[in-house]
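The values are calculated or read from the model by the stated rules, or taken from the named source; none is laboratory data. All of these numbers come straight from a predicted model, not from anything done at the bench. Cβ sites come from the backbone with ideal geometry, for glycine too, and all protein chains shown count toward neighbours. The area values use the complete protein model at the heavy-atom level, side chains included, leaving out ligands, DNA and RNA. Shrake-Rupley method; radii C 1.70, N 1.55, O 1.52, S 1.80 Å.
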Amino acid sequence: MLYKAIVCCRAGMGSSMFLKIKADQVIAENSLPIKTVHGNMDTLIDFNGDLVITMSDLSEELQGKMPYVIGIDRVADKNEIKEKLEKFLNDIE
Amino acid sequence: MSLNYTSSELIQIGVPARNWEEAIRLSAEPLVKHGICLPEYVDDMVLNVIEHGPYIVLTDNLAVPHGRAETGALKTTISVGILKDPVEFGNKTNDPVRVVICMSALDGEKYMHMLGWLATILEDRGIIEGLANAENTDKVLELLQHK
């Protein structure tokens, strides 16, 4: 099973691309069964995947509206991203 | 490699910002001065924070302001502002900010490479700490060439 994740921030510009790069690094290094796409608030509405990866401020708003939301506090922190992705995989499997 | 993305005239030490908006505007000044973006693009960096919040404080001590390319980015480059005193952006986990990296970015391959480069550099907290304490532009360039 390959889970589909969308990475987004409010504006859909640099920060979310930055987050996607870090998330993809973590996914590759740990061989996690997750594939990411980049998005913004507009594409989020039509997203039909399994997981939203975003900054923590936005994640609070999205809780309950999307299947599963991960909020990252420190975008450059691979350990935080890894822990939260692994928790997602544990919760969903 | 990193020299493609910044240069000594885009780096400032001891930026005397008193608040987050000054931190962005003063750190971005060299981008306008050297024709890398228009003043409107810097306005958009500030507007972005007003509209979307302080999420640009990507990790401890570090803000990465950026605007929408169409508002006036002319080249894909960063400026670096090392603040004289730490400034609060309102980010509850990563405040206060001591290092401001302003991105002028046109969409495209170079932008993606620049983000990848930044993502690698900024994963190392020692580099951000080193930037925050840098005493001259050479030290900043040296740290940014670390990877």
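Return a yes/no flag: does the range B:103-118 have any residue that is acidic (Asp, Glu) and under 22 Å from B:ILE13 (Cα atoms). Checking the range B:103-118: not a single residue is acidic (Asp, Glu) and under 22 Å from B:ILE13 (Cα atoms). Residue count for the range A:24-52, restricted to those that are at pLDDT below 95 and small (Gly, Ala, Ser): 2.
Contact map, the range A:20-47: first residue under 20 Å from A:PRO67 (Cα atoms) and in a strand (DSSP E or B), second residue among the acidic types (Asp, Glu) and at pLDDT 90 or above, Cβ cut-off under 8 Å, separation 6 or more or different chains; pairs are A:THR36/A:ASP24.
Conditions first: (1) away from chain B (no Cβ under 12 Å); (2) touching a helix residue (DSSP H, G or I) at 6+ places or on another chain (Cβ under 8 Å). A:ASP42 passes all but one, so which condition is the exception? Condition (2) is where A:ASP42 drops out. In the set B:GLY14, B:GLY72, B:GLY81, only one residue is in contact with a strand residue (DSSP E or B) (Cβ under 7 Å, 6 or more places away or on another chain) and open to solvent by 10 Å² or more (accessible area, probe 1.4 Å); that residue is B:GLY14. Scanning the range A:44-69 for residues that are within 22 Å of B:GLY90 (Cβ to Cβ) and either under 12 Å from the mean Cα position of the chain (by Cα) or not acidic (Asp, Glu) (or both) gives A:THR54, A:MET55, A:SER56, A:LEU58, A:SER59, A:LEU62, A:GLN63, A:VAL69. Evaluated against (1) within 11 Å of chain B (Cβ to nearest Cβ); (2) over 22 Å from B:VAL49 (Cβ atoms); (3) of a type in the set (Phe, Trp, Tyr), A:PHE18 falls short on exactly one condition, (2).
Please find, within the range B:40-53, the residue that is nearest to A:SER56 (Cα to Cα) out of those that are crowded, with 20+ Cβ neighbours inside 10 Å, within 14 Å of chain A (Cβ to nearest Cβ) and touching a residue at least 24 places away in the same chain (Cβ under 8 Å).
Ranking the qualifying residues of the range B:40-53, first place goes to B:VAL49.
Does any residue of the range B:18-39 turn out to be under 20 Å from A:LYS22 (Cα atoms) and crowded, with 16+ Cβ neighbours inside 10 Å?
Within the range B:18-39 (the criterion being under 20 Å from A:LYS22 (Cα atoms) and crowded, with 16+ Cβ neighbours inside 10 Å), the answer is no, since none of the residues qualifies.
Closer than 30 Å to A:ILE81 by Cβ, open to solvent by less than 50 Å² (accessible area, probe 1.4 Å) and free of Cβ contacts under 8 Å to residues at least 40 places away in the same chain: is that true of B:GLY67 in this structure? Against the criterion (closer than 30 Å to A:ILE81 by Cβ, open to solvent by less than 50 Å² (accessible area, probe 1.4 Å) and free of Cβ contacts under 8 Å to residues at least 40 places away in the same chain), B:GLY67 qualifies. Screening the range A:48-80 for residues that are assigned to a helix (DSSP H, G or I) and touching a helix residue (DSSP H, G or I) at 6+ places or on another chain (Cβ under 6 Å) and picking the one that is surrounded by the most Cβ atoms within 10 Å (Cβ to Cβ) gives A:ASP57. Among the numbered conditions (1) under 24 Å from B:HIS66 (Cβ atoms); (2) at pLDDT below 90; (3) not hydrophobic (A, V, I, L, M, F, W, C), the only one that A:GLY64 does not meet is (1). Cβ-Cβ contacts under 8 Å between residues 6 or more apart (or on different chains), taken from a first residue in the range B:84-109 that is closer than 12 Å to B:ARG18 by Cα and within 14 Å of chain A (Cβ to nearest Cβ) to a second residue that is small (Gly, Ala, Ser) and outside any loop (DSSP other than H, G, I, E, B), are listed as B:PHE89/B:ALA23; B:PHE89/B:ALA63; B:VAL97/B:ALA23; B:VAL97/B:ALA63. Total residues in the range B:2-60 satisfying the condition of being polar (S, T, N, Q) and in contact with an Asp or Glu (Cβ under 9 Å, 6 or more places away or on another chain): the figure is 4. Residues in the range A:45-78 that are within 18 Å of B:TYR55 (Cβ to Cβ) and either touching a Ser or Thr at 6+ places or on another chain (Cβ under 8 Å) or within 14 Å of chain B (Cβ to nearest Cβ) (or both): 20 in all. Going through (1) of a type in the set (Gly, Ala, Ser); (2) within 22 Å of B:TRP117 (Cβ to Cβ); (3) more than 11 Å from chain B (Cβ to nearest Cβ); (4) crowded, with 17+ Cβ neighbours inside 10 Å one by one, A:ALA5 falls short only on (2).
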